[in-house]
Amino acid sequence: MNILAIESSCDETAVAIVKDGREVLTDCIASQVELHRIYGGVVPEIASRKHIEAIYGLADQALERTGLTRQDIDAVAVTYAPGLIGAVLVGVNFAKAAALAMNKPLIPVHHIRGHIAANYIAYPDLQPPFLCLVVSGGHTMIVHVKDYTDMEILGGTLDDAAGECFDKVARVLGMPYPGGAALDKAASTGDETKYDLPRSKPGENPYNMSFSGLKTAALNLIHHAEQVGEELDTPSLCASFSAAVSDTLVPRVVRALQETGLRKIAVAGGVAANSRIRRDIMSAAQTLGAEVYMPPLSLCGDNAAMIGAQAYYEYQAGNTADMSLNAYATKSILGEII
Ligand code: KG4
Ligand code: ZN
């Protein structure tokens, strides 16, 4: 089954064609990152306009690159939530028009379910159940993926997402948007023991966590150094910060593996590209004897291939939509699709 998949929830316009949920025939991406960089973050209006400009050309490009025709496409899938509402609407309207014109089923896909499904592409043999650490720009949670469309959120952040904190600290350090990757790179030459930053303490739900205290502590440290004219050791601050984020996430993942008895751990989302987090997940899994699934960096960030992968399973579960499909800025990964 060839699925034409559309992703436009943030600052990447992407169109992919994915076969049977696992094989990416093509994945075309038009990134807007450079455009938003001068503003230090995504400007929603600009994002929507650029999606409109790019989406038709990308869909044509996807067909051209694969040599497929419209008749070879069996369904159209689209990220319908969550994201910047104007941006998501562009993809949803394009997908509705394409499905209507081609008389093919329309499959709505939750963006975070898509991130999780990036693992199905990277690991064709991976099947649920497994545990997934989802860490993106807007989401941080530990998910028990019971089946392809049946999930349970064990816990997550009570305030900021990990990606938001990486970006905010990187921005204050003068790194270009989105700063997570730059901060990660800078951390590689730093001493992570140099700055003492707080780790979120376990609360009532041992899988929940908080990042706002860590973010504030890092920002205060930077501002204080500026005020007193003290020179910051930026690589070491980046290393200390990355260590604090990972030390908040990974012990909760370990606990979840132990308590659920699951023996497969996957990671998903842009922050899953972080080298410290990847290293710590890898060694924790080795200690526990669990199998690790880490998509390559290109599949961690936003892309349409992951949407096409999840769409295959949504379709099998009967989760299709009609022309009344709407876009949603927020929506849980659980429960009813629409
Ligand atoms: O999943 P994603 O591409 O978009 C959302 O759905 O939010 O995640 C983007 C986030 C940004 O906050 C970006 O700074 C962060 O992922 N990120 C990283 C790294 N690469 C991307 N954060 C830490 N370390 C990285 N290597
Ligand atoms: Zn994303």
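The values are calculated or read from the model by the stated rules, or taken from the named source; none is laboratory data. Here the structure is a predicted model, which is why all the values come from computation and not from measurement. So basically every Cβ, Gly included, is an ideal-geometry build from the backbone, and we count neighbours across all protein chains shown. To get the accessible areas, we keep the full protein, side chains included, count just its heavy atoms, and leave off ligands, DNA and RNA. Shrake-Rupley method; radii C 1.70, N 1.55, O 1.52, S 1.80 Å.
Only Cα pairs within less than 10 Å get springs; with that Gaussian network setup on the chain, which residue of Lys264, Lys194, Lys104 has the largest fluctuation?
Lys194
Alpha carbons only, please: Rg and Dmax for segment 130-277, in angstrom.
Calculated on Cα positions, Rg and Dmax stand at 15.7, 54 Å.
Report the accessible area of His111, computed with a 1.4 Å probe over the heavy atoms of all protein chains in place, in Å² rounded to the nearest 10.
About 20 Å², rounded to the nearest 10.
Over segment 151-243, with the other protein chains present, what is the accessible area per residue in square angstrom, probe 1.4 angstrom?
Heavy-atom accessible area per residue stands at 49 Å².
At a 10 angstrom cut-off on C-beta neighbours, averaged per residue, how do the peptides 279-286, 211-218 rank from highest to lowest?
211-218, 279-286
Rounded to whole Hz and in sequence order, give me ³J(HN,Hα) for segment 2-16 from the Karplus expression 6.51 cos²θ - 1.76 cosθ + 1.60, θ = phi - 60°, writing x for Gly and Pro.
With coefficients 6.51, -1.76 and 1.60, one gets 8, 10, 8, 10, 10, 9, 8, 7, 9, 10, 10, 8, 9, 9, 10 Hz.
Determine the sum of side-chain charges near Ser298: Lys and Arg each +1, Asp and Glu each -1, restricted to other residues whose C-beta is under 12 angstrom from that of Ser298.
It works out to a net charge of -3.
Among the chymotrypsin sites (Phe, Trp or Tyr not before Pro) in segment 1-95, which ones are in a DSSP loop with at most 10 other Cβ atoms within 10 Å of the Cβ? Mind listing them?
Loop-located and lightly packed - Tyr39.
Put +1 on the Cβ of every Lys and Arg and -1 on every Asp and Glu Cβ in segment 141-294; which of Val267, Gly180, Gly190 then has its Cα farthest towards the positive end of the dipole?
Working it through, the farthest residue towards the positive pole turns out to be Val267.
Report the residue, chosen from Leu131, Leu100, Leu237, that carries the largest GNM mean-square fluctuation when the chain is represented by alpha-carbon nodes joined by springs under 10 Å.
Leu100
Does segment 52-130 come out rounded, prolate or oblate, given a ≥ b ≥ c as the square roots of the eigenvalues of its C-alpha gyration tensor, rounded meaning a/c under 1.5 and, failing that, prolate meaning a/b above b/c?
Since a/c reaches 1.5 but b/c is at least a/b, the shape of segment 52-130 is classed as oblate.
Got a sec? What order do Cys28, Cys10 fall in by accessible area at 1.4 Å, biggest, i.e. largest, first?
I get Cys10, Cys28, largest accessible area first.
Show which lysines lie in cross-link reach of Lys96 when reach means a straight Cα distance below 16 angstrom and same-chain residues fewer than eight apart are skipped.
The qualifying lysines are Lys104.
Using a Förster radius of 22 Å, what is the FRET efficiency between Val228 and Lys185 based on their Cβ-Cβ separation? Nearest 0.05, please.
0.20
So for segment 245-338, averaging the separation of alpha carbon pairs under 8 Å that are six or more residues apart and normalising by length, what relative contact order in percent results?
26 percent.
Using Cα pairs closer than 8 Å and at least 6 residues apart in sequence, work out the relative contact order for the chain, in percent.
Relative CO of the chain lands at 25 percent.
Can you run phi through the Karplus equation (6.51, -1.76, 1.60; θ = phi - 60°) for segment 140-154 and list ³J(HN,Hα) in whole Hz, with x for Gly and Pro?
Values per residue, Gly and Pro as x: 9, 7, 10, 10, 8, 8, 6, 8, 4, 10, 10, 9, 10, 8, 6 Hz.
How much length, in nm to one decimal, is gained on full extension between Ser283 and Glu23, taken as 0.36 nm per residue of separation minus their Cα-Cα distance?
Here the segment from Ser283 to Glu23 would lengthen by 90.7 nm.
Heads up, I need the accessible area for Asp159: 1.4 angstrom probe, whole protein in place, Å², nearest 10.
Looks like 60 Å² after rounding.
Mind checking which lysines have their C-alpha under 25 Å from Lys168, skipping anything on the same chain fewer than 8 residues away?
Lys50, Lys185, Lys194, Lys201, Lys215, Lys331
Once amide H atoms are built 1.01 Å from N in the peptide plane, which residues 5 or more positions from Tyr328, or in another chain, come under 5 Å H to H?
Result for Tyr328 returns Ala81.
Please list, in order along segment 185-194, the HN-Hα scalar couplings obtained from phi with the Karplus expression 6.51 cos²θ - 1.76 cosθ + 1.60 (θ = phi - 60°), rounded to whole Hz, x for Gly and Pro.
So the Karplus estimates, Gly and Pro as x, are 5, 4, 5, 5, 9, x, 9, 6, 8, 5 Hz.
Using per-residue counts of other Cβ atoms within 10 Å, averaged over each peptide, order 242-249, 180-187 from highest down.
The most tightly packed comes first, giving 242-249, 180-187.
Report, in deg cm²/dmol and to the nearest 500, the calculated mean residue ellipticity at 222 nm for the chain, where each DSSP H run with n ≥ 4 adds -39500 (n - 2.57) and the sum is divided by the residue count.
That calculation yields -14500 deg cm²/dmol at 222 nm.
Nearest 20 debye, what's the magnitude of the dipole of the chain about its Cα centre given +1 on Lys and Arg Cβ and -1 on Asp and Glu Cβ?
Roughly 240 debye, rounded to the nearest 20.
Relative contact order for segment 110-199 using alpha-carbon pairs under 8 Å, separation at least 6, rounded to a whole percent?
16
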